[in-house]
2 protein chains.
Amino acid sequence: MPNLQPPIVNTEEALLYKAQLQAIDPTIEYLMTLYLSPDLTPDEIRKAKQSGIVVKSYPRGVTTNSEGGIESYEVYYPIFEAMEEQDMVLNLHGEVPSDPTSNTCVLNAEATFLPHLVKLHKRFPKLRIVLEHATTRAAVECVKSLGSTVACTITAHHLDLVVDDWAGQSWNFCKPVAKFPDDRQALREVIKEGHPRFFFGSDSAPHPPDRKSVSSPKQACAAGVYTSPILLPLVATLLESFGALDKLEHFVSGFGRAFYGRPAADERVTLRKTLHKFVEDSWALGDATVVPFWAGKQIGWEIVSE
Amino acid sequence: MPNLQPPIVNTEEALLYKAQLQAIDPTIEYLMTLYLSPDLTPDEIRKAKQSGIVVKSYPRGVTTNSEGGIESYEVYYPIFEAMEEQDMVLNLHGEVPSDPTSNTCVLNAEATFLPHLVKLHKRFPKLRIVLEHATTRAAVECVKSLGSTVACTITAHHLDLVVDDWAGQSWNFCKPVAKFPDDRQALREVIKEGHPRFFFGSDSAPHPPDRKSVSSPKQACAAGVYTSPILLPLVATLLESFGALDKLEHFVSGFGRAFYGRPAADERVTLRKTLHKFVEDSWALGDATVVPFWAGKQIGWEIVSE
């Protein structure tokens, strides 16, 4: 949510946006986030904590130290101190911006970020940190090696895609980009292992079709795939494909709630196996039409209507 | 040319196609290629040699040894022996097909191919081999390390693009895909160095716009960019950008002719610097319209009309 335009930078804005969301669907529990920016203060952190808000850092949050050209989080240390003290969760989009002069590009943006995560965790060992939508074996190994306050989310689409799937196919283009088959394998393995610090995060993006199509060399495609309408059946189908179906509940619900300190879910969703289900080619979203991930593809599970 | 459908597999077909091309423009000297396939025989090689033909191998030319699952060129050794004896050039599209089970994808397809090149060169040290459209530092270093019979071509677009340029932008998608900034840097350095075994190969692909656009998640985009209409000005602009303009003539003309044993060019092309030139947004090609690489972008050089 902090990647809205303009970003949400204080408690008032977060609560206003929360009220708008609740007006649409009051049955959902919304966890609001603030955008990590130099305007954020320790006082604002304490205020936000009272309202159950967390903080999210985007790539531009890793600032360039003008003296040494070194990218650093140090300018935010007072904020992180307040967050640690308040036991507030920090979400990280763990990518360093592309820079050809340092050989940084979308492929190594995540791996290049990991030393920042390690440094942050060592300086603030009690600060709960979530490395969001990890895509690489390097990230999985790094998070595993850190303490119990560092967790990691994994999306459905990164359990499915590799670089070949978005090479020349903008509808599968997302950030972070899907990487090598071995990176995908590492994401699958850590779920199969049932590691409690690795849990599901959807990162679903309902871009309009004309933002995902590419009709000219001058048009930039929006990054992101739209998985919301098929989320649980998709994750079940994927986990089943690599023998981790028994980890479904913990992965999508238990581990994340536990890390965030939320009570266990009191509602249950029932899925059933199906041989006759195909993902819709398009999905109505208000007045707009959005094309879901896996459009037209067979999917192995469906939600049983209540 | 062997990647036509159906591919050109013998001398008759190559000469027929050459005649068709000469009917379109008789001023061009066409170097014809045969597709390396199990149907090719040493006799056909000797026949092709008489007509000045070379042989090209595509990824599927690296065959799977059914016993060990090992990809290998060994089935073609009698062909390569005949080619070496006839002093015929072998062109390689140096990529191994993607295979998630071995972590092979478009990003490491070229690096994974290089051991095949090394093995081939060691077994047939006199066989002239061109590794076409190299995209990685690994390929540059590998070719440099081999004997004088192994050369390498570099395209214009691979001197410009990195992975970020085709991530979500299908018009910049080509095979091999453009790689890391450091890989592009290696291509630029070897040209700047004036290494005589590294020369220009255009690999220009005039795909119709509807094959480069991506309007749905089910549509595959054609790999390739169309550089032909701006080729020399583009290469001059790029070489100038990294301080290698003085290598232009050898890179685009001298080194390649020398390696192929062709006489030096007897025609000259004159380029001039310009501050007012932009690449056309589209290019008429017969009845069709094709969008060139760098459409709408400023280009620093132009050909002086004769």
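The values are calculated or read from the model by the stated rules, or taken from the named source; none is laboratory data. Since we're looking at a predicted model, the values are computed, not measured. Positions of Cβ are backbone-derived with ideal geometry, glycine not excepted, and every protein chain shown enters the neighbour counts. The protein model used for the area step is the full one, side chains on, heavy atoms only, and it has no ligands, DNA or RNA in it. Shrake-Rupley method; radii C 1.70, N 1.55, O 1.52, S 1.80 Å.
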Tell me, what is the per residue accessible area of the range A:221-306 in Å², probe radius 1.4 Å? 56 Å²
All other residues with a Cβ under 14 Å from the Cβ of B:Gly194 taken together, and with Lys, Arg as +1 and Asp, Glu as -1, what is their net charge? +1
Using the per-residue mean of other Cβ atoms lying within 10 Å as a proxy for protection, in what order, highest first, do the peptides B:269-278, B:150-159 fall? B:150-159, B:269-278
Share of pairwise Cα separations in the range A:156-235, more than 22 Å, in percent: 28 percent
Loop-resident sites, the range B:110-187, for trypsin sites (Lys or Arg not before Pro), counting at most 13 other Cβ within 10 Å (DSSP): B:Lys126
The range B:259-301 shape via C-alpha gyration tensor axes, a/c threshold 1.5: oblate
What list of ³J(HN,Hα) values in whole Hz, one per residue of the range B:277-288 in order, does the Karplus curve 6.51 cos²θ - 1.76 cosθ + 1.60 (θ = phi - 60°) give from phi, with Gly and Pro shown as x? 9, 10, 5, 4, 6, 8, 9, 6, 9, x, 7, 9
Calculated from DSSP helices alone, with each H run of at least 4 adding -39500 (n - 2.57) and the total divided by the residues of the protein assembly as shown, [θ]222 nm to the nearest 500 comes to -9000 deg cm²/dmol
Near the amide H of A:Asp99, under 5 Å away, which other amide H atoms are found, from residues 5 or more places off or on another chain, if H is placed in the peptide plane? A:Thr104, A:Cys105
Count the net charge of all other residues whose Cβ sits under 10 Å from the Cβ of A:Trp171, scoring Lys and Arg as +1 and Asp and Glu as -1. +1
For the range A:94-271 the mean separation of alpha carbon contacts under 8 Å (6+ apart) over residue count, i.e. relative contact order in percent, is 19 percent
Globularity ratio of the protein assembly as shown, using Cα Rg and 2.2 N^0.38 Å: 1.10
Please report, as a whole percent, how much of the solvent-accessible surface of the range B:180-306 comes from carbon and sulfur atoms (probe radius 1.4 Å). 52 percent
Between the chain alone and the structure with every protein chain in place, find the residues of the range B:91-112 that drop at least 10 Å² of accessible area; heavy atoms, 1.4 Å probe. B:Ser98, B:Pro100, B:Asn103, B:Cys105, B:Val106, B:Leu107, B:Asn108
When a/c is below 1.5 the answer is rounded, else prolate if a/b is larger than b/c, else oblate, so apply that to the range A:94-271 with a ≥ b ≥ c taken from the square roots of the Cα gyration tensor eigenvalues. oblate
Suppose a student asked you for the relative contact order of chain A, using Cα pairs under 8 Å spaced at least 6 residues apart; what percent would you report? 11 percent
Determine the shape class of chain B: with a ≥ b ≥ c the square roots of the Cα gyration tensor eigenvalues, call it rounded for a/c under 1.5, and otherwise prolate if a/b is greater than b/c, oblate otherwise. rounded
A/B buried area, accessible surface, summed, 1.4 Å probe, Å²: 2700 Å²
Compare each residue of the range B:168-211 in its chain alone against the assembly with all protein chains, and report those whose accessible area goes down by 10 Å² or more; 1.4 Å probe, heavy atoms. B:Gly168, B:Gln169, B:Ser170, B:Trp171, B:Phe173, B:Phe180, B:Pro181, B:Asp182, B:Arg184
Could you let me know the centre-to-centre spacing of the range B:96-143 and the range A:79-116, using Cα atoms, in angstrom? 34 Å
Using DSSP to call loops (not H, G, I, E or B), can you name the trypsin sites (Lys or Arg not before Pro) in the range A:212-255 whose Cβ has at most 14 other Cβ atoms within 10 angstrom? A:Lys218
What is the Cα centroid distance between the range A:1-35 and the range B:171-192, reported in whole angstrom? 43 Å
How about the range B:1-37: which GluC sites (Glu not before Pro) there lie in a loop by DSSP and see at most 14 other Cβ atoms within 10 Å? B:Glu29
What does the charge add up to near A:Val162, with Lys and Arg as +1, Asp and Glu as -1, over the other residues with Cβ less than 13 Å from its Cβ? -2
Amide H to amide H, which residues 5 or more places from B:Ala151 or on other chains are under 5 Å from it, using H placed in the peptide plane? B:Ile129, B:Val130, B:Leu131
If amide hydrogens are placed 1.01 Å from N in the peptide plane, which non-local residues have theirs closer than 5 Å to the one on B:Leu34? B:Val54, B:Val55, B:Lys56
When chain B is treated as a Gaussian network with springs between alpha carbons less than 10 Å apart, the largest mean-square fluctuation among B:Ser216, B:Ser241, B:Ser98 is found at B:Ser216
